[in-house]
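Student: Got a structure for you, questions after.
The values are calculated or read from the model by the stated rules, or taken from the named source; none is laboratory data. All figures in this text were calculated on a predicted structure; none of them were measured in a lab. We place every Cβ from the backbone using ideal geometry, glycine too, and count neighbours over all the protein chains shown. Surface areas here come from the heavy atoms of the whole protein model, side chains and all, with no ligands, DNA or RNA. Shrake-Rupley method; radii C 1.70, N 1.55, O 1.52, S 1.80 Å.
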Amino acid sequence: MSRHDKILVTGARGQLGRELAAALSAHGEIFAVDRAALDLADRTNIVRTVRSVRPLLTANAGAYTAVDRAEQERDLAFAVNATAPGILAEEARRCGAVLIHYSTHYVFDGAQRTPYSESAPTGPLNVYGASKLGGERAIAHVSASALTFRTSWIYSLVGSNFLLTMRKLAAERDELRVVADQTGVPNWSRALARATATLVSRGNAYLAERAGLYHMCAGGEATWYEFARAILGDQARPRIVPITTAEYPTPARRPAYGVLDTRLFQRTFGFALPQWQATLKECVTSAAEPPVGEAVG
Ligand SMILES: NC(=O)c1ccc[n+]([C@@H]2O[C@H](COP(=O)([O-])OP(=O)(O)OC[C@H]3O[C@@H](n4cnc5c(N)ncnc54)[C@H](OP(=O)(O)O)[C@@H]3O)[C@@H](O)[C@H]2O)c1
C-alpha cells in the first residue's frame, strides 16, 4: 500500500474502529465511516459507499455488538454481522481489494478446556455468536482476498466495555460481584489495531496470499473476576467477590471457556501479541483514545 491508497474503515466510532483509523493512517488515505455515514444493515448504502470510495483495503470494524439485545433483534444482528461482511467481500473481490474483518470467540460453545484452534467445531450459544459465524461463512463463500481475525473481550478507554464498567461500579459500590467461571482473553483495541497495521504495512499482495481465518489475541487467559482484579488493583475498596454465571443470569448465554489458540497467526505472520496483563498496564497509562477519523457522507 502507498500513502495515496484508500483505506475504508467501518464502525469508526467503535472501540476498534477508531483505533484502526489512527493506526492505519500511516499506510493510506483513511475513509473512516460511522453508522450515520455507512449503515451496514443497508446493502445499497454499502455498495454505493465502497464504489464511491474505491478503497484498496477495507477494515470492517462495524458490528452489531449488543450481545444480550441481539436475542430480541435477530434480523438486525444478522443483517450487520452476517450479510454485510459478505457484501463487503463481494465488493472487495470486484475491485481487487483486500478485506480485513473481525469475529469473535462467541462462535464456540465454550465446552473445551484447551484453546480453540481455527478449525475447532463451532457452536454458538447466542444470536450474536451465530450472526458473527454467519459473517465468517459469508466471507469464506466469496473467493475474495479476505482475512478474518477472531478475537475476544475487547476493552478500551471509550465506549461500553468491562474495564469502564468496573471503574464506574468501583466508584459507586463497596462490593463488586464478578463472574469467576467464564474464562477468556482481554484485548485492548489498540493492540489489535497495531497488529492489523503491522500486517497492512506488508502490502496487499502479502495479505492476499494469506487470505483466511486466524485467531488474533493477546497471550494468557483470565476469568472476568481475574480481569476485574487486574483492572482495580489491590485497593481495599471495593471488595471483589467471585460469583458463578448462574448467580448473574443474562438474556444471552456466554461460553464458559473462550481462549483462542493463536499459533496459526504466529506461524503465518511471525509475531505474537503481548500478554494481556502487559497490554492492560499500557492501556491504563496511555493517552485517551484517538478521535473519530474523517467520515465520508
Ligand atoms: N467487544 C468485544 O468484546 C468483542 C469481542 C470479540 C470480537 N469483537 C468483534 O470485534 C469487532 C469490533 O468490536 P468493538 O468492540 O470495536 O465493537 P463496538 O465498540 O461496539 O463498535 C462497533 C461499531 O459498529 C457500529 N455499528 C453498529 N451497527 C451498525 C450498523 N448498522 N452500521 C454501521 N455501523 C454499525 C457501532 O455504532 P454505534 O456506536 O452507532 O452503535 C459501533 O461504533 C466487531 O466485529 C466485534 O464483533 C468484539
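Student: Could you give the radius of gyration (one decimal) and Dmax (whole number) of the Cα atoms in segment 1-45, in Å?
Tutor: Expressed in Å, the Cα Rg and Dmax of segment 1-45 come to 11.0, 31.
Student: What is the percent carbon and sulfur in the accessible area of segment 74-195, measuring with a 1.4 Å probe over the protein chains and ignoring ligands?
Tutor: Details: 2280 of 4550 Å².
Solvent-exposed carbon and sulfur of segment 74-195 make up 50 percent of the total.
Student: For the chain, what is the calculated [θ] at 222 nm in deg cm²/dmol (nearest 500), taking -39500 (n - 2.57) for each run of four or more DSSP H residues and dividing by its residue count? Could you put the intermediate results ahead of the total?
Tutor: Numbers: 11 runs with 105 residues, N = 297.
That calculation yields -10000 deg cm²/dmol at 222 nm.
Student: If packing is taken as the average number of other Cβ atoms within 10 Å across a peptide's residues, how do 99-109, 173-183 rank, most packed first? Don't jump to the answer; show the numbers that get you there.
Tutor: Numbers: 99-109: 24.9, 173-183: 16.7.
Per-residue mean Cβ counts within 10 Å order the peptides as 99-109, 173-183.
Student: Compute log10 of I(q)/I(0) for segment 9-138 with the Debye formula, placing one identical point scatterer on every Cα and leaving out solvent, at q = 0.14, 0.21 Å⁻¹, to two decimals.
Tutor: With no solvent term, the Cα-only Debye profile gives -0.62, -1.22.
Student: Here is a further query. Report Rg (one decimal) and Dmax (nearest whole number) for segment 1-75, counting Cα atoms only, units Å.
Tutor: 13.2, 44
Student: Any chance you could check the Cα centroid distance between segment 52-107 and segment 196-231 for me, in angstrom?
Tutor: 17
Student: Given H placed 1.01 Å from N in the peptide plane, which residues other than close sequence neighbours of Ile154 have an amide H under 5 Å from its amide H?
Tutor: For Ile154, whose amide H was placed from the backbone, the distant partners under 5 Å are Asn187.
Student: Skip the ligands, DNA and RNA, and give the accessible area per residue of segment 133-271 with a 1.4 Å probe, whole Å².
Tutor: With the other protein chains kept in place, segment 133-271 gives 44 Å² per residue.
Student: If the convex hull of the alpha-carbon atoms of the chain is projected onto planes in all directions, what is the mean projected area in square nanometres? Don't skip to the answer; put the middle values down first.
Tutor: Working: hull surface 57.9 nm².
Mean orientational projected area (the chain, Cα hull): 14.5 nm².
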